[in-house]
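Every number in this text was worked out from the coordinates using simple rules, so none of it is lab data. Quantities reported herein were computed from a predicted structural model and do not represent experimental measurements. Cβ atoms come from the backbone with ideal geometry, glycine included; neighbour counts cover every protein chain shown.
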Ligand SMILES: Nc1ncnc2c1ncn2[C@@H]1O[C@H](COP(=O)(O)OP(=O)(O)OP(=O)(O)O)[C@@H](O)[C@H]1O
Ligand SMILES: [Mg+2]
């Protein structure tokens, strides 16, 4: 059916891809073309099937129906052997996963070479490989130090290694699954500049993102999945935020607007608090959170946010200073004590700290309150009560899963976040610590999180919002403090701040310089 | 062409199927050395089946052999579920046996319904305490428990030998390094006349029911599973990770200790340094073969026990060495480890792309 003219320049074609997991259709008859030099953004709600589709393309899953066609050399399309990552690599498809797949204890160079040569040949082929990589780095602007160990690299650098790995294998098609979810705004800008350059060089690029601004700024074309089906495929020039949001969720999204809060008495206070060591340590931090307010913490990641979150989560002791809740000192903190004191904690790394993937959705929803009478009697679990409550939470928080008994690891990234939100906010906490709460969430879910955080504030809770997303911070926070190298600035009312001065302070200039 | 595709959660029937397939594969592989030993495969296996199931005596012998394996298998399974790598069931078994002998050979005299529970509790406690050390070293100082539990096996065995040569040596033992005999009032009763099968089997079966119930239905079991699957998330969610490890360590050691109690107070009647032919290590195979499930442990222990008892009997009849049993058990373990692949991945065999299309 497809005429020759239409095939011109097509480097990748998905043709009627359908993938089912049991009763669930993760992809339904999806067809998609990618042209040479094109940047295609793939959008869709959490659980819409984006990652699944890319996994089929790369051979991790086998489609139940449909086929993947590639044109490695820019001439005719031929069918790609399904279910073989090796074949996908051979055909010039490179993939950067949502979670990186690098060996932490090897150098960047070893990681890039791994799997391309036989191990015995590694040492001999090193010099030419290094030359090729240096050339690639110069051309694409992706710079990493090849001899550094992966464990010493920042997230952004690790991602660059992943991209280089794909380019080194002569990828003609590059797929990136939510590449900016873990990047700072500056790193994201650099990434997109690089992608533009690569596309100009003739690479076809697909990236998945929930951030509409970057989609609009950096893609040529947008494809939208909803419920596993492709519902739109159009040039980016014809889109705006509203339209994209509507296409994704099927109805208009009202962006949450903060009404002025009415902060009350100091609720949670850090006094000259220090903790942790190394780059991410906290130094001499004073923080006062009042009830009924959202206090935003702005900063480039790696400046002490993680330690701050760990302290408030009860996972890291203070080495100096004190922490009080409602005027009472919290001594030897533990996660349990924090939960029992009415602190809800939304961890930054939800896969690592948020859920137990092998356990069911309902068990994960109950895990923080497993010793509460509603979940156990005399040490025996009350399964039917747990599942009943899980079903209610699944409905209330719109968690997309097959049932409350499915293992949590099978849920999409955004839906895993909703499990954490549901179980923490459900307890009517006094203080909410939200670390990057909308990372990886779709627009609908993000606005839902925002609504829930504002609702918690309005009923008198204090919310500490740690985020790298300045829009999110400005929209939600009553006051914003900036964290830099472990020091926390005074918190200023957010209406007196603007993005420019915040950006400068995040980079380490103090308030007077910025003014 | 073989292709691997990750799959979703494993159903119980698939897990059972894979374990059985692994056992069968091990038996098939063992046919090769059997053939080299000049034994026809059919003859060898029929002798083994006869040796394990051929008579009431054979069958009860097999069950007697399975008794300690169920308990050490449970000890390993429950620890591994929490990712506490207890390789020391062998040492804990001896500690349990030593404690049973210490309280059961005349220090206390009481009627059986008092003395037997004392012996059982003493053995369980001793096993648990032995495992407490490595557990605390792990939780406090981060010392690798694989190393500590493994090395403790040798230390405990040497300690047992020392006791048997010294303070606990039976003066009536004609110089043999063995303990005084367990009092009749402290011995676990036999289950059948003129057979060696004893109440240890009942203890083992009750223990496996108990562990099943614990893991599945209780808060402690929930916490064990959570810690084992993702300790970071469990800690973040306020689950007492250290306490959970300590509980698991005590329980695991206690189960292995019970195996020692059964052997000494149910079967042998006195303690020697060769009480266990590696029941603690075989427990690891049993637990792995069982996929760490308590019900599976019972089945796997019966399988391994049949192999051992059957091979002994075959060896007596033919002169082929009973090392064959160790070989089969080792192969079963390998097959199970490989079969883990089948549980996590769907394996598709494809001739070529066109075949694939035709098939769909
Ligand atoms: N191996 C699997 N077994 C069963 N269900 C699965 C499996 N993998 C994914 N799913 C389900 O398929 C659906 C699509 O998941 P997918 O990860 O593709 O979503 P996504 O669009 O990438 O979402 P997100 O934006 O949250 O990352 C989800 O409902 C998910 O629960
Ligand atoms: Mg995804």
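To the nearest 10 degrees, how steeply does helix B:145-165 sit against the main Cα axis of chain B, on a 0 to 90 scale? The helix B:145-165 is inclined about 30 degrees to chain B.
One chain, two ends: residue A:495 and residue A:201. Fully extended at 0.36 nm per residue, the span grows by 101.5 nm beyond their Cα-Cα distance.
Mean separation of Cα pairs under 8 Å and 6 or more residues apart, divided by the residue count, gives chain B a relative contact order of 36 percent.
Between residue A:25 and residue B:165, what FRET efficiency comes out of the Förster formula 1/(1 + (r/R0)^6) with R0 = 51 Å and r the beta carbon distance, rounded to 0.05? Using R0 = 51 Å, I get an efficiency of 0.10.
Across chain A, the mean sequence separation of Cα contacts (distance under 8 Å, 6 or more residues apart), normalised by length, yields a relative contact order of 15 percent.
In terms of other Cβ atoms within 10 Å, B:27, A:465 run from fewest to most in the order B:27, A:465. Taking the DSSP beta bridges with both ends in the range A:129-275, the antiparallel portion is around 60 percent.
Over the protein assembly as shown, dividing the summed -39,500 (n - 2.57) contributions of all DSSP H runs of at least 4 residues by the number of residues returns a 222 nm mean residue ellipticity of -15000 deg cm²/dmol. Relative to the longest principal axis of the Cα atoms of chain A, the long axis of helix A:383-396 lies at roughly 70 degrees. Quick check on the range B:36-115: take the gyration tensor over C-alpha atoms, sort the square-rooted eigenvalues as a ≥ b ≥ c, and tell me if it's rounded (a/c under 1.5), prolate or oblate. Since a/c reaches 1.5 but b/c is at least a/b, the shape of the range B:36-115 is classed as oblate. Once the Cα atoms are used to define both axes, helix A:413-425 deviates from the longest principal axis of chain A by about 10 degrees.
This ranking places A:319, A:194 by how few other beta-carbon atoms lie within 10 Å of each, fewest first, which gives A:319, A:194.
For the range A:344-363 versus the range B:10-81, the inter-centroid distance based on Cα atoms is 40 Å.
In terms of its C-alpha gyration tensor, the range B:114-233 has an oblate overall shape, because the principal axis ratio a/c (a ≥ b ≥ c, square roots of the eigenvalues) is not below 1.5 and a/b does not outweigh b/c.
Residue order for A:143, B:105, fewest other beta carbons within 10 angstrom first, comes to A:143, B:105. For the pair the range B:106-179 and the range A:74-97, the centres of their Cα atoms are 61 angstrom apart. The overall shape of chain A, judged from the alpha-carbon gyration tensor, is prolate: a/c is not under 1.5, and a/b is greater than b/c. Computed over all pairs of different Cα atoms, the Kirkwood value for the hydrodynamic radius of the range B:95-155 is 12.8 Å. Fully extended, how many nm does the chain gain between residue A:378 and residue A:262 (0.36 nm per residue separation, minus their Cα-Cα distance)? Residue separation times 0.36 nm, minus the Cα-Cα distance, leaves 37.5 nm. Once the C-beta distance of residue A:388 and residue A:134 is scaled by a Förster radius of 56 Å, the resulting FRET efficiency is 0.40 to the nearest 0.05.
For the protein assembly as shown, the Kirkwood hydrodynamic radius from C-alpha pairs, put into Stokes-Einstein at 10 °C and a viscosity of 1.306 mPa s, yields a diffusion coefficient of 51 µm² per second. Among the residues of A:374-381, the average count of other protein chain beta-carbon atoms within 10 Å of the residue beta-carbon is 4. Across the range A:424-497, Cα pairs under 8 Å and at least six residues apart give a relative contact order of 27 percent.
For the range B:202-236 and the range A:212-236, what is the separation of their Cα centres, given in Å? The range B:202-236 and the range A:212-236 have Cα centres separated by 46 Å. Altogether, the Stokes-Einstein calculation at 25 °C and 0.890 mPa s, with the Kirkwood radius of the range B:2-359 over Cα pairs as Rh, returns a diffusion coefficient of 114 µm²/s.
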